[in-house]
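The values are calculated or read from the model by the stated rules, or taken from the named source; none is laboratory data. Source: prediction; values computed, not measured. Using ideal geometry, Cβ is built from the backbone for each residue, glycine included, and neighbour counts are taken over all protein chains shown. What goes into the accessible areas is simple: the full protein's heavy atoms, side chains included, and nothing from ligands, DNA or RNA. Shrake-Rupley method; radii C 1.70, N 1.55, O 1.52, S 1.80 Å.
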Amino acid sequence: WIDNITDNVKIDLIKGGSLNRTIIASTPSDGEYEWIPPGDLQIGDDYLIKVTSTATSSVYDVSDAAFTITYPYVEVLSPQGGAIYYPGDTVAITWEDNFDDNVKIDLMDGASVVINIVSNITNNGQFNWQIPISVPSGTNYQIRISHNQNTGVNDLSPGTFSIAKMIS
């Protein structure tokens, strides 16, 4: 922001025309304030910022245009549930998301990580995984893809799949 205020300013977050919260009650009026939106904010495209002089509350301005707050998400598209794979098979893992950061891919059995398939891979929506011979057979497997820096942003593949041992 640009102003001629020598006092501190208060910065408020407005949503839908109403005060959502005070971001900071008093900060120097230097034209900038770094803020990371907390995770409890409602997703929306009707947010505004209001900057008010702490000395004279009638001196304020509101951002000219609304902005959007959204949260990162990932959705695993494949492998699909019901599939049966064998050690040595190549499984096409695909996903969609709304962030550019790298991802982590795990093989899950229920809530347990069986193996970390890859810890830090470029987020391009696909990865071909060759199932190692060391993976135990099982019928309750899913792929979990996680945001590499915020593992709370994750998803599991739709349904469970099986890995069966080859009979020789």
query: Share of the chain's accessible area from carbon and sulfur, percent, 1.4 Å?
result: 48 percent
query: How do ILE23, ILE84, ILE36 stack up against each other in accessible area, from largest to smallest, with a 1.4 angstrom probe?
result: ILE36, ILE84, ILE23
message: Distances longer than 24 Å among the Cα atoms of the chain: what percent of all pairs is that?
response: 54 percent
task: Run the quick spin-label model on GLU32 and ALA83: label points 7 Å from Cα toward the beta carbon, then report their separation in nm to one decimal.
output: 4.6 nm
message: I'd like to check one number: the per residue accessible area of the stretch 1-159, probe 1.4 Å, reported in Å² as a whole number.
response: 57 Å²
statement: Expressed in nanometres to one decimal, the distance between label points 7 Å along Cα→Cβ at ALA111 and ASP61 is 5.2 nm
field: Percent RCO, i.e. relative contact order, over the stretch 34-80, from Cα pairs under 8 Å lying at least 6 residues apart
entry: 37 percent
field: Computed P(r) (all Cα pairs; the stretch 72-168; 10 Å bins; percent)
entry: 17, 54, 25, 4, 0
statement: Sparse-neighbourhood loop hits (chymotrypsin sites (Phe, Trp or Tyr not before Pro), the stretch 74-132; DSSP loop; Cβ within 10 Å at most 13 others) -> none
